[in-house]
Each structure stands twice: as structure tokens, then as C-alpha cells.
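The values are calculated or read from the model by the stated rules, or taken from the named source; none is laboratory data. The structure displayed is predicted, hence computed values, not measured ones. Glycine gets a Cβ as well: all are built from the backbone with ideal geometry, and neighbour counts include every protein chain shown. Just the protein is used for accessible areas: all its heavy atoms, side chains included, with ligands, DNA and RNA removed. Shrake-Rupley method; radii C 1.70, N 1.55, O 1.52, S 1.80 Å.
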Amino acid sequence: MKLEKYDIYPAAFPDVTQLLVSGGDARIALDPVTGLNKYGCRTYPDPGLLSFGSSTASTISQDGFIAASRVRNALLAARKNGEFDACCLSQMQRMREALLLQLADSNVQLQFAASGTDAHCLAAGYARGAQPLRVVMVEEEETGSGVKAALLATACAIDLVALRENDGAPRLLDAIDEEVSARVAAAVDRGERVLLVMVDQSKTGLVAPGIACLMRLAQAYADRVSVLVDACQLRLSPITLRAYLQQGFMVAITGSKFFTGPSFSAALLLPAAFHTNEAVEPEFLGVGLLLRWEAALVELRRFHAVPQAVIVEFLTDFKDAIGARLAQDERFEPLAVILPDRTGLQLVPNWDHLPTIFPFLLKAKAGWLDREQTRLVYRQLQTLKTGAPRCQFGQPVSCGTRDGTPVSALRLCLSARQISDAAAQHSISHLIADALSALDCAAGLI
């Protein structure tokens, strides 16, 4: 009997809901009582949820669930025929080619990873040489919470750069660029190699360090500095993504944020300078990863079929409506966000210069809600039982103090799926109404 090394299932092949949470960690394990993971998401479509949490995680779409089920059934048939391993590898190669077709050029390699954190570790491996490796990156509050610990575990030294002031206001980009430049120069003077990580976009929608700074450092220290663009939110047009790759920068992406695939689907895009003579990723990384990317790919294709002019119009209308609502309610304070400036890439503006993440603070009559109170509101919104809709925002992000109170921002986020749905309906009004209803629910808990 032929041995199938990827067939780790001792008895019946799991159903799609079980496979979608396989190959991850405790963050996507389901609570046996609620059926939700840590992010408040199910493994099957949840049309009753007002879902505005795509900066953290999303529940799978109906189309994504159907597509994942189709791949699961193909693997099941191959398993019965003794061709499971071959089917696993061919499905993963199909996925790699499909993603590259949507996102990058033919001279780019794609290496799958379980999570954005794992993609960062892969990039560190490519950047590491004979010298010690130092990673210069933004603070943990604005990027993946586990990235620092994972990189330290791979013997990297870490320099963290703050993106916001103590009161939550964005730092001036010139100040960030100056600090990053000094840290990189000091590391090179010590004889270290550097992995310089730019975030586009952060948890609260920031882009830093500046593109001109990034390009200057990469040119000045070409033999000692490698650049990784943390695009794990994937709130980028393919034109912007390709421009980063053409600069010789690695790019980390996930399908589980803007494109609403289930959590734990990531990849690292490698420009020509990092290509190896060996085949990329000879091993299969698990059925769960494949199915999660399959769900994201469905929404990626749908979104890329929407004309850019329509996307820009919808994002502009949404920004105006949500900005006005947050500004007019004394229980909210919008957290300032500097819109992305990517002119250093010599690009004409695309839809991705407009915001899709709207962070805001909560304030009661007695004062600012602290971090634990904000987290409680975040959790309560997902389990409302008073006839109000259940709502999902992006997880609270720590952003300094106000009047001595440590505060966190909730995030109302637009996803690619929501924009595609609005385009199919030829109207953004229903989506705006849902977002305003979600904000009403949040205000009602303060």
C-alpha cells in the first residue's frame, strides 16, 4: 500500500469546518461553548453579523466556504484513490500560481507561511548572512503581536520604533525616518546585517517609515540591508505591490485581513534578488492553510474585477459618512491617521491611498474608557442578545494615554468582500447603514 506522508488523519477525513482551523494555534481553536475562535469568528458563514473587523479577522464568506469545500472534496477523492500527496502538492502549486497571477509578476517567487509572524521569520532567514542580524521594525502595538518574540527566538536582535506619540497622535514621518536611519546606520557600523521592516499598513492604517527613506537606506547599504514590506493587511493595489517588489523588497502578505479569508493564511513574496536555485517550498504545509487561502482567493478575484473608479467612489463616500459620524458623537474620538504617501514609488494614485481602517477611542461621561473597558465593549458587541445586531470591530489597539488613562482604539474596517458586494448592488448606501448601525451599538454600551 502506498504511504501518504501528508495524510495525517487516522480515520475519517475531517469536514471543512474542522480543516479550516487545522494547522494553526490557540488563536483559531474554537471555544466548545460559543463555537467562536479568539477573534469571535465561526468556521462557517455568519450573515447575521455586522462584520467590520477585517483588520483582525473575519468569518468566512459563503462563496469562500463553497470554494474551500470543493477543494476538500477533491482531496477526499484523491485520498480514496491513493493519490493524496500528489493532489496536495498540485493544489498548493495551483494556489501559488493563482496568487501570483493576481498580485505579482512572473519573476516573483511565493513562499507560503502559516501566519504573518511566520512570514517575517522567513524574511529574516533570507536577510541573514554571516554577520549577526538586527531587525528594525515598528512597535508591536501596530503590527503582529507575536512577531518580536518569534524573531528573538531565531537569534535576531530587535529595534522597535514607535509610530504614535504618548497621546496616540501619529509621530511626524520625518522623526520616524530620522530614528530609523540612525538605528540602521548604527547597526551597520557594528558590523551587523539589517532587516528593515516597513509597515503598509499598520493596525491603525499607518505607513512607515517613509518610502523615500526606505529607498535611500536600501541604496546606501545595498550589501548589508534587506527590506521587508509588512503588507499583511494587504490593503494594497497590485500596482503598489508590484512596485515594492520591483524595488527589490520582500513583501509579507496574508489572505485573512482585507480579503477576509480565515485566519492563518500568509505568504512571503520574493523578488529576483532572493531567488534560490532550489524549488520553493517542496513540502506541503497542510490542508488547513490551503483551504484558508482558497477562501481568500475567491474574494481577491472578486475585488480585482471591480473597476478602480468604482472602488475610489465607494471608499470616498464611506470615508465621508463614517468620519462625520465619529466626529459628531461625543462618545467617540477618531484617532488621527496620516493617509499613505507612496509618491516615492513614482506611482499614480490608486484606491489604496484612501483609508479603509477607521480607529476611534471611546469616552463616557466619567471620562475615557480604559483598555480593559474598551476590550469589554469589543467582546459584548459580538454577543448582543437584546434584539440589536451582533457587531464585529477590529480588536482594540493600545495607543498611549489620555488624561492619565491608558486607552485603546477600536477599529471599524472595510473589507474587499464588502466593497465587492456593494459594487454588485451598485450602491454603497446599505454598507454605510450597516456601519452606522454598528457604531450605534457601540455607543449604546458606553
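Among the residues of region 84-94, are any aromatic (Phe, Trp, Tyr) and either at pLDDT below 90 or open to solvent by less than 30 Å² (accessible area, probe 1.4 Å) (or both)? Checking region 84-94: at least one residue is aromatic (Phe, Trp, Tyr) and either at pLDDT below 90 or open to solvent by less than 30 Å² (accessible area, probe 1.4 Å) (or both).
Ser58 meets the conditions (1) in a helix (DSSP H, G or I); (2) open to solvent by less than 30 Å² (accessible area, probe 1.4 Å); (3) within 18 Å of Lys257 (Cβ to Cβ) in every case but one. The failed one is (1).
Just for region 309-332: of the residues that are among the charged types (D, E, K, R) and either part of a helix (DSSP H, G or I) or within 15 Å of Ala435 (Cα to Cα) (or both), which one is least open to solvent (accessible area, probe 1.4 Å)?
Looking at residues that are among the charged types (D, E, K, R) and either part of a helix (DSSP H, G or I) or within 15 Å of Ala435 (Cα to Cα) (or both), I get Asp329.
Residues considered: Ala130, Ala186, Ala114, Ala149. Of these, the only one that is at pLDDT 95 or above, of a type in the set (A, V, I, L, M, F, W, C), over 27 Å from Pro334 (Cα atoms) and open to solvent by 10 Å² or more (accessible area, probe 1.4 Å) is Ala186.
Of the residues making up region 49-98, those that are within 16 Å of Glu299 (Cα to Cα) and polar (S, T, N, Q) are Ser51, Ser54, Ser55, Ser58, Thr59, Ser61, Gln62, Ser69.
Each row is one residue, and each column tells you yes or no for (1) under 30 Å from Ser398 (Cβ atoms); (2) touching a Gly at 6+ places or on another chain (Cβ under 6 Å); (3) modelled with pLDDT under 95; (4) open to solvent by 10 Å² or more (accessible area, probe 1.4 Å).
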| position | (1), (2), (3), (4) |
| --- | --- |
| Tyr244 | yes, no, no, no |
| Phe249 | yes, no, no, no |
| Gly255 | yes, yes, no, no |
| Leu268 | yes, no, no, no |
| Ala296 | yes, yes, no, no |
| Pro307 | no, no, no, yes |
| His353 | yes, no, yes, yes |
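Checking each residue in region 232-242 for being aliphatic (A, V, I, L, M) and surrounded by fewer than 20 Cβ atoms within 10 Å (Cβ to Cβ) picks out only Ile239. Checking Gly400, Gly404 one by one, the residue that is modelled with pLDDT under 95, open to solvent by 30 Å² or more (accessible area, probe 1.4 Å), closer than 24 Å to Glu140 by Cβ and not aliphatic (A, V, I, L, M) is Gly404 and no other. Mind listing whichever residues of region 144-188 are in contact with a Gly (Cβ under 7 Å, 6 or more places away or on another chain) and not acidic (Asp, Glu)? If the condition is that a residue be in contact with a Gly (Cβ under 7 Å, 6 or more places away or on another chain) and not acidic (Asp, Glu), then Gly144, Arg164, Asn166, Gly168, Leu173 are the ones that fit.
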